[in-house]
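K.L.:
Encoded as structure tokens, here's the structure I'll be asking about.
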Amino acid sequence: MSTIQTTSSTPDDTRPRGPLAEVFFSLLRSRTFLVGFSIVLFWVACALFGEHFAPYDPLADDIINALAPPSSEHWFGTDQIGRDVFSRVIVGSRDILTVAPLATLLATVAGTALGLVTGYFRGLVDDVVSRILEAFMAIPVVIVALLAIVALGTSKTTVIVVIGLSFAPIIARTVRSAVLAERELDYVAAAQLRHESALHTMFVEILPNVIPPILVETTVRLGYAIFAVATLSFMGFGIQPPSPDWGLSISNNYGMIGGGFWWTVLFDALAIASLVIGVNLAADGVHGALND
């Protein structure tokens with residue numbers, strides 16, 4: 001008598017991950033991205049909730065305690081009119097984390113549209129638009145900011161527009177290069193054979209396939225935008241008083257360094273540097289995840 005052994009096969013629950021899931025898990029495995037994202041998340045939390053845990057009103061002056069060094073009462077000291085530096089650093093992240101991302105978003109939208117048009121149509125359109133963008137890129141951001149302030153006045157909106165339009169040609173150049181490669185692929189020819197419109201081909205067929213380089217360029221531009229906002233505020237073209245913005249605080253207090261009051265500038269400068277480093281680390285992580 002023979003016994004028949006039956007083996008029950010269990011279905012394999014392991015399913016292949018989609019491309020977005022692969023990128024997500026790759027980011028979670030990237031120490032570079034996690035460190036950078038943690039730094040950015042910390043400053044975002046400060047921007048959103050800083051007023052609730054800042055020990056002092058960042059705008060309240062106290063002349064009696066002006067230029068007090070770091071102590072248990074004022075962790076980062078006070079500035080030349082007695083404002084608590086720690087409170088100003090914490091709350092000061094709000095303006096820069098509002099203006100810089102909005103400027104980067106504007107640059108991404110405008111640059112993507114220009115890059116799609118120049119890369120898809122090529123020929124005369126590409127030549128004319130590319131020459132205009134190159135000429136615009138040759139103008140320093142400070143000159144553009146000065147002209148915009150004369151025309152529009154000083155405001156956060158002006159800073160967003162200036163930085164966004166200054167960075168748009170850079171993103172457009174990146175998108176154009178990606179579109180030129182995608183344009184030669186079969187799916188674009190198939191869309192043209194179906195008599196799809198140029199807008200449909202660019203934004204429905206090509207755009208989803210050039211998202212990776214756009215994401216990488218956007219994260220890189222965000223770091224530059226943060227530095228640009230701080231620079232314009234330092235020069236008086238950006239965010240205006242009484243905001244505790246980091247660049248503005250450095251502008252108001254940098255003359256105190258010569259008197260030995262280093263804390264009035266150091267912590268704002270470290271805040272800018274840490275945020276830029278965090279964004280750049282996150283950008284490196286995104287680039288690595290998209291290229292795995």
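Here, each number is a calculation from the coordinates, and none is a lab measurement. Nothing here was measured: the structure is a model prediction, and the numbers come from that model. Quick reminder, even Gly has a Cβ in these numbers, built from the backbone with ideal geometry, and neighbours come from all protein chains shown.
K.L.:
Please work out, to two decimal places, the log10 of the ratio I(q)/I(0) at q = 0.08, 0.11 Å⁻¹ from a Debye calculation in which every Cα of the chain carries one identical scatterer.
P.N.:
So the normalised log intensities work out to -0.47, -0.77.
K.L.:
For Leu105 and Asp62 in the same chain, what is the full-extension length gain: residue separation times 0.36 nm, less their Cα-Cα distance, in nm?
P.N.:
In short, 11.6 nm is gained.
K.L.:
Let me see the P(r) profile for segment 206-290: every Cα-Cα distance counted, bins of 10 Å, each bin given as a percent of all pairs.
P.N.:
Values per bin, smallest distances first: 18, 36, 25, 15, 5, 1.
K.L.:
By the gyration tensor of its Cα atoms, with a ≥ b ≥ c the square roots of the eigenvalues, what is the shape of segment 231-270: rounded for a/c under 1.5, prolate for a/b over b/c, or oblate?
P.N.:
Cα axes put segment 231-270 in the prolate bin.
K.L.:
Find me the longest stretch of the chain that has none of the exposed trypsin sites (Lys or Arg not before Pro), where exposed means in a DSSP loop (not H, G, I, E or B) with at most 15 other Cβ atoms within 10 Å.
P.N.:
Result for the longest clean stretch: 18-121.
K.L.:
Evaluate the Kirkwood expression for the hydrodynamic radius of segment 69-131, namely the inverse of the mean inverse distance over all pairs of different C-alpha atoms, and round to one decimal in Å.
P.N.:
On the way: mean 1/r = 0.0650 Å⁻¹.
Computed over Cα pairs of segment 69-131, the Kirkwood hydrodynamic radius comes out at 15.4 Å.
K.L.:
Same structure, new question: How big is Rg to Rh over segment 180-239, alpha-carbon atoms, Rh as the Kirkwood inverse-mean-distance radius?
P.N.:
On the way: Rg = 18.5 Å, Rh = 14.1 Å.
Rg divided by Rh gives 1.31.
K.L.:
Compute the Cα gyration tensor for segment 134-292, then decide on rounded, prolate or oblate, letting a ≥ b ≥ c be the square roots of its eigenvalues: rounded whenever a/c is under 1.5, prolate when a/b is larger than b/c in the other cases, and oblate in all that remain.
P.N.:
prolate
K.L.:
Sort Val141, Val117, Val99, Val125 so the one with the fewest other Cβ atoms within 10 Å of its own Cβ comes first.
P.N.:
Val125, Val141, Val117, Val99
K.L.:
May I pose another question? Give me the net charge for the shell around Gly92: Cβ to Cβ below 15 angstrom, other residues only, Lys and Arg +1, Asp and Glu -1.
P.N.:
-3
K.L.:
Let me ask something else. HN-Hα J couplings of segment 133-142 from phi, Karplus 6.51/-1.76/1.60, θ = phi - 60°, integer Hz, Gly and Pro as x?
P.N.:
Once rounded to whole Hz, the list reads 5, 5, 5, 5, 5, 6, 7, x, 4, 5.
K.L.:
Please compute, over every Cα-Cα pair in segment 85-188, the percentage with a separation greater than 16 angstrom.
P.N.:
Tail of P(r) above 16 Å: 64 percent of Cα pairs.
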